[in-house]
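Reading through the C-alpha coordinates given below for one structure.
The values are calculated or read from the model by the stated rules, or taken from the named source; none is laboratory data. Owing to the predicted nature of the structure, the values given are computational and were not obtained by experimental measurement. Note that each Cβ is placed from the backbone with ideal geometry, even for glycine, and that neighbours are counted across all protein chains shown. Calculation scope for accessible area: heavy atoms of the full protein, side chains included, ligands and nucleic acids excluded. Shrake-Rupley method; radii C 1.70, N 1.55, O 1.52, S 1.80 Å.
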Amino acid sequence: MLVHIFICVKARCRKISPFIVSVAVVLIVTVAIIIGVVAQSSSKIIFQTEYHFVCFAVRDNSLSADAISDTVVSYGGAGYVLEYKGSYYVTVACYYTKTEANRVKQNLLKRGLNCSVLSVKTDNYNIQSLGARGKEKLFTGNLNTLYSLSQMCYECANGLDTGEYNQSLAKGVLKDVTSGLHGLKQANSENCFSGEIRRLLAECESVGDGYIYSKDMRKLQIAIADTIINIELY
(Lines give C-alpha, C1' and ligand atoms only; values in the text may rest on other atoms or scores of the structure.)
Protein backbone atom coordinates (compact mmCIF):
# COMPACT_ATOMS: atom_id res chain seq x y z
CA MET A 1 0.00 0.00 0.00
CA LEU A 2 1.28 3.43 -0.91
CA VAL A 3 1.62 5.54 2.18
CA HIS A 4 1.21 9.31 1.85
CA ILE A 5 2.32 12.09 4.17
CA PHE A 6 -0.32 14.72 4.93
CA ILE A 7 0.42 18.39 5.65
CA CYS A 8 -2.72 20.10 6.83
CA VAL A 9 -3.40 23.78 6.34
CA LYS A 10 -6.49 24.88 8.18
CA ALA A 11 -9.33 22.68 6.99
CA ARG A 12 -7.77 21.61 3.70
CA CYS A 13 -5.21 18.79 3.39
CA ARG A 14 -2.68 18.14 0.60
CA LYS A 15 -1.01 14.87 -0.21
CA ILE A 16 2.76 14.95 -0.76
CA SER A 17 4.47 12.03 -2.43
CA PRO A 18 7.27 10.29 -0.51
CA PHE A 19 9.41 10.79 -3.62
CA ILE A 20 9.07 14.57 -3.37
CA VAL A 21 9.88 14.46 0.31
CA SER A 22 12.96 12.34 -0.36
CA VAL A 23 14.19 14.75 -3.04
CA ALA A 24 13.65 17.70 -0.70
CA VAL A 25 15.64 16.01 2.05
CA VAL A 26 18.49 15.21 -0.35
CA LEU A 27 18.57 18.83 -1.56
CA ILE A 28 18.69 20.17 2.00
CA VAL A 29 21.51 17.82 2.94
CA THR A 30 23.41 18.67 -0.26
CA VAL A 31 23.14 22.40 0.40
CA ALA A 32 24.35 21.87 3.96
CA ILE A 33 27.35 19.90 2.70
CA ILE A 34 28.18 22.57 0.13
CA ILE A 35 28.01 25.30 2.78
CA GLY A 36 30.27 23.23 5.01
CA VAL A 37 32.80 22.68 2.23
CA VAL A 38 32.84 26.38 1.32
CA ALA A 39 33.37 27.27 4.97
CA GLN A 40 36.30 24.84 5.15
CA SER A 41 37.83 25.95 1.82
CA SER A 42 38.75 29.47 2.87
CA SER A 43 40.27 31.03 5.93
CA LYS A 44 42.28 34.09 6.93
CA ILE A 45 45.51 34.55 8.86
CA ILE A 46 46.40 37.88 10.41
CA PHE A 47 50.18 38.31 10.32
CA GLN A 48 51.42 41.88 10.52
CA THR A 49 54.96 42.78 9.49
CA GLU A 50 56.66 45.61 7.69
CA TYR A 51 59.75 45.81 5.54
CA HIS A 52 61.46 48.87 4.11
CA PHE A 53 63.69 48.14 1.14
CA VAL A 54 66.38 50.54 -0.03
CA CYS A 55 66.30 50.10 -3.81
CA PHE A 56 68.87 51.10 -6.40
CA ALA A 57 66.52 50.80 -9.36
CA VAL A 58 63.02 49.77 -10.40
CA ARG A 59 62.32 48.00 -13.67
CA ASP A 60 59.26 46.60 -15.40
CA ASN A 61 60.86 43.26 -16.28
CA SER A 62 63.20 40.80 -14.60
CA LEU A 63 65.85 40.81 -17.35
CA SER A 64 66.50 44.55 -16.99
CA ALA A 65 66.60 44.22 -13.22
CA ASP A 66 69.00 41.26 -13.32
CA ALA A 67 71.37 43.27 -15.53
CA ILE A 68 71.68 45.92 -12.80
CA SER A 69 71.94 43.46 -9.93
CA ASP A 70 75.68 42.86 -10.37
CA THR A 71 76.32 46.61 -10.22
CA VAL A 72 74.60 46.82 -6.83
CA VAL A 73 76.58 43.83 -5.56
CA SER A 74 79.82 45.53 -6.63
CA TYR A 75 78.81 48.51 -4.45
CA GLY A 76 78.36 46.18 -1.48
CA GLY A 77 74.57 45.92 -1.71
CA ALA A 78 72.41 42.81 -1.66
CA GLY A 79 71.53 42.95 -5.35
CA TYR A 80 68.44 40.81 -4.77
CA VAL A 81 65.69 41.41 -7.31
CA LEU A 82 62.35 41.67 -5.50
CA GLU A 83 59.18 41.38 -7.55
CA TYR A 84 56.30 43.33 -6.06
CA LYS A 85 53.00 44.28 -7.70
CA GLY A 86 54.33 43.82 -11.22
CA SER A 87 57.59 45.77 -10.78
CA TYR A 88 61.11 44.51 -10.16
CA TYR A 89 63.16 46.23 -7.46
CA VAL A 90 66.94 45.88 -7.31
CA THR A 91 67.53 46.01 -3.57
CA VAL A 92 70.51 47.31 -1.65
CA ALA A 93 69.31 46.46 1.87
CA CYS A 94 66.21 45.89 3.96
CA TYR A 95 65.21 47.49 7.28
CA TYR A 96 62.38 47.14 9.75
CA THR A 97 61.72 50.86 10.24
CA LYS A 98 61.24 53.50 7.57
CA THR A 99 63.40 55.94 9.53
CA GLU A 100 66.42 53.68 9.29
CA ALA A 101 65.79 52.96 5.61
CA ASN A 102 65.54 56.68 4.81
CA ARG A 103 68.77 57.36 6.72
CA VAL A 104 70.61 54.79 4.61
CA LYS A 105 69.02 56.16 1.45
CA GLN A 106 70.25 59.67 2.24
CA ASN A 107 73.78 58.38 2.84
CA LEU A 108 73.73 56.62 -0.51
CA LEU A 109 72.41 59.73 -2.25
CA LYS A 110 75.41 61.65 -0.90
CA ARG A 111 77.62 59.00 -2.54
CA GLY A 112 75.89 59.60 -5.87
CA LEU A 113 73.63 56.54 -5.76
CA ASN A 114 70.08 57.53 -6.65
CA CYS A 115 68.13 55.18 -4.38
CA SER A 116 64.52 55.01 -3.20
CA VAL A 117 62.65 53.25 -0.39
CA LEU A 118 59.94 50.65 -0.99
CA SER A 119 57.78 50.07 2.09
CA VAL A 120 55.72 46.88 2.27
CA LYS A 121 53.37 45.90 5.07
CA THR A 122 51.69 42.53 5.47
CA ASP A 123 48.38 42.08 7.24
CA ASN A 124 45.87 39.47 6.09
CA TYR A 125 46.68 36.23 4.30
CA ASN A 126 43.81 34.33 2.72
CA ILE A 127 44.00 30.54 2.51
CA GLN A 128 42.01 29.20 -0.43
CA SER A 129 41.89 25.42 -0.34
CA LEU A 130 39.91 22.51 1.02
CA GLY A 131 40.64 22.11 4.71
CA ALA A 132 41.92 25.69 4.97
CA ARG A 133 41.06 26.01 8.65
CA GLY A 134 43.23 23.05 9.50
CA LYS A 135 46.24 24.81 7.96
CA GLU A 136 46.03 28.05 9.92
CA LYS A 137 48.29 26.99 12.78
CA LEU A 138 50.97 25.49 10.53
CA PHE A 139 51.05 28.45 8.15
CA THR A 140 51.13 31.02 10.96
CA GLY A 141 54.04 29.12 12.50
CA ASN A 142 55.81 29.10 9.13
CA LEU A 143 55.49 32.87 8.78
CA ASN A 144 56.68 33.49 12.33
CA THR A 145 59.71 31.25 11.82
CA LEU A 146 60.62 32.89 8.52
CA TYR A 147 60.34 36.32 10.10
CA SER A 148 62.71 35.29 12.90
CA LEU A 149 65.18 33.85 10.38
CA SER A 150 65.13 37.06 8.35
CA GLN A 151 65.95 39.06 11.49
CA MET A 152 68.86 36.73 12.27
CA CYS A 153 70.28 37.43 8.82
CA TYR A 154 69.78 41.17 9.30
CA GLU A 155 71.59 41.22 12.66
CA CYS A 156 74.42 39.14 11.24
CA ALA A 157 74.83 41.52 8.28
CA ASN A 158 74.98 44.50 10.63
CA GLY A 159 77.48 42.67 12.84
CA LEU A 160 79.72 41.96 9.86
CA ASP A 161 79.60 45.63 8.86
CA THR A 162 80.53 46.84 12.35
CA GLY A 163 83.10 44.12 12.99
CA GLU A 164 81.14 42.59 15.87
CA TYR A 165 80.76 39.37 13.89
CA ASN A 166 83.70 37.40 12.57
CA GLN A 167 83.49 34.57 10.05
CA SER A 168 83.00 31.96 12.74
CA LEU A 169 79.96 33.76 14.14
CA ALA A 170 78.56 34.45 10.66
CA LYS A 171 78.87 30.80 9.67
CA GLY A 172 77.16 29.85 12.93
CA VAL A 173 74.21 32.12 12.10
CA LEU A 174 74.02 30.69 8.58
CA LYS A 175 74.02 27.19 10.05
CA ASP A 176 71.15 28.12 12.40
CA VAL A 177 69.16 29.67 9.55
CA THR A 178 69.72 26.58 7.41
CA SER A 179 68.66 24.35 10.30
CA GLY A 180 65.49 26.39 10.76
CA LEU A 181 64.64 26.04 7.07
CA HIS A 182 65.22 22.29 7.20
CA GLY A 183 62.76 22.16 10.10
CA LEU A 184 60.20 23.98 7.98
CA LYS A 185 60.89 21.62 5.09
CA GLN A 186 60.06 18.61 7.28
CA ALA A 187 56.86 20.25 8.55
CA ASN A 188 55.73 21.23 5.03
CA SER A 189 56.21 18.10 2.95
CA GLU A 190 54.16 19.29 -0.03
CA ASN A 191 52.23 22.55 0.18
CA CYS A 192 52.52 26.18 -0.89
CA PHE A 193 55.63 26.70 1.26
CA SER A 194 57.58 23.70 -0.03
CA GLY A 195 59.01 25.28 -3.18
CA GLU A 196 59.89 28.49 -1.37
CA ILE A 197 61.72 26.62 1.37
CA ARG A 198 63.76 24.69 -1.20
CA ARG A 199 64.64 27.98 -2.92
CA LEU A 200 65.80 29.51 0.37
CA LEU A 201 67.90 26.47 1.20
CA ALA A 202 69.61 26.88 -2.17
CA GLU A 203 70.31 30.52 -1.25
CA CYS A 204 71.87 29.36 2.02
CA GLU A 205 74.06 26.90 0.16
CA SER A 206 75.36 29.60 -2.20
CA VAL A 207 76.16 31.91 0.73
CA GLY A 208 78.04 29.18 2.57
CA ASP A 209 80.32 28.35 -0.36
CA GLY A 210 83.05 30.78 0.70
CA TYR A 211 83.77 33.92 2.69
CA ILE A 212 80.57 35.46 4.06
CA TYR A 213 80.08 39.17 3.46
CA SER A 214 77.36 41.38 4.91
CA LYS A 215 75.83 41.72 1.43
CA ASP A 216 75.41 37.93 1.33
CA MET A 217 73.41 37.91 4.55
CA ARG A 218 71.36 40.90 3.40
CA LYS A 219 70.54 39.06 0.20
CA LEU A 220 69.42 36.04 2.21
CA GLN A 221 67.38 38.27 4.53
CA ILE A 222 65.57 39.84 1.57
CA ALA A 223 65.03 36.44 -0.07
CA ILE A 224 63.22 35.31 3.09
CA ALA A 225 61.26 38.57 3.25
CA ASP A 226 60.27 38.00 -0.38
CA THR A 227 58.64 34.71 0.61
CA ILE A 228 56.78 36.32 3.51
CA ILE A 229 55.49 39.13 1.30
CA ASN A 230 54.57 37.23 -1.84
CA ILE A 231 53.55 33.77 -0.62
CA GLU A 232 50.11 32.67 -1.83
CA LEU A 233 48.52 30.35 0.70
CA TYR A 234 46.43 27.38 -0.36
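Is one or more of the residues making up segment 182-194 modelled with pLDDT of 95 or more and over 25 Å from GLN128 (Cβ atoms)? Please lay out each step first, then the result.
Taking segment 182-194 and keeping what is modelled with pLDDT of 95 or more, we get 182-188, 191-194.
With over 25 Å from GLN128 (Cβ atoms) added as a condition, the list becomes 182-183.
There is at least one residue in segment 182-194 that is modelled with pLDDT of 95 or more and over 25 Å from GLN128 (Cβ atoms).
Which of the residues belonging to segment 107-148 are closer than 18 Å to GLY77 by Cα, assigned to a helix (DSSP H, G or I) and among the polar types (S, T, N, Q)?
Within segment 107-148, ASN107 is the sole residue that qualifies.
For segment 205-234, give me each residue that is at pLDDT 95 or above and among the aromatic types (Phe, Trp, Tyr).
TYR211, TYR213
Table: residues versus (1) surrounded by fewer than 15 Cβ atoms within 10 Å (Cβ to Cβ); (2) touching a residue at least 12 places away in the same chain (Cβ under 8 Å).
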| site | (1), (2) |
| --- | --- |
| GLY86 | yes, yes |
| TYR95 | no, yes |
| GLN106 | yes, no |
| LEU109 | yes, no |
| VAL120 | no, yes |
| SER129 | no, yes |
| LYS135 | no, yes |
| LEU149 | no, yes |
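Considering (1) open to solvent by less than 50 Å² (accessible area, probe 1.4 Å); (2) without any contact (Cβ under 8 Å) to a residue 12 or more places away in the chain, say which one GLY76 fails and leave the rest.
All conditions are met except number (2).
Condition test on VAL37, is it outside any strand (DSSP E or B) and at pLDDT below 95? Break it down into steps so the answer makes sense when it comes.
Working: outside any strand (DSSP E or B): yes; at pLDDT below 95: yes.
Judged against the criteria, VAL37 is a match.
Select from segment 58-73 the residues that are part of a helix (DSSP H, G or I) and charged (D, E, K, R) and write down the one among them that is surrounded by the fewest Cβ atoms within 10 Å (Cβ to Cβ). I'd like the intermediate steps shown before the answer.
Our first condition is that a residue be part of a helix (DSSP H, G or I); within segment 58-73, this holds for 62-73.
Retained after the next criterion (residues that are charged (D, E, K, R)): 66, 70.
Values: ASP66: 14, ASP70: 10.
Looking at the filtered set, the residue picked out is ASP70.
Taking LEU113 and the conditions (1) at pLDDT 95 or above; (2) surrounded by 14 or more Cβ atoms within 10 Å (Cβ to Cβ), which numbered condition does it fall short on, given that it satisfies the others?
(1)
Test of understanding: among GLU190, GLU196, GLU164, which residue is closer than 20 Å to GLY79 by Cα and among the acidic types (Asp, Glu)?
Exactly one residue qualifies, and that residue is GLU196.
Residues are listed down the side, and each one gets a yes or a no for (1) closer than 24 Å to ILE212 by Cβ; (2) of a type in the set (S, T, N, Q):
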position: LEU108; (1), (2): yes, no
position: ASN124; (1), (2): no, yes
position: PHE139; (1), (2): no, no
position: LEU149; (1), (2): yes, no
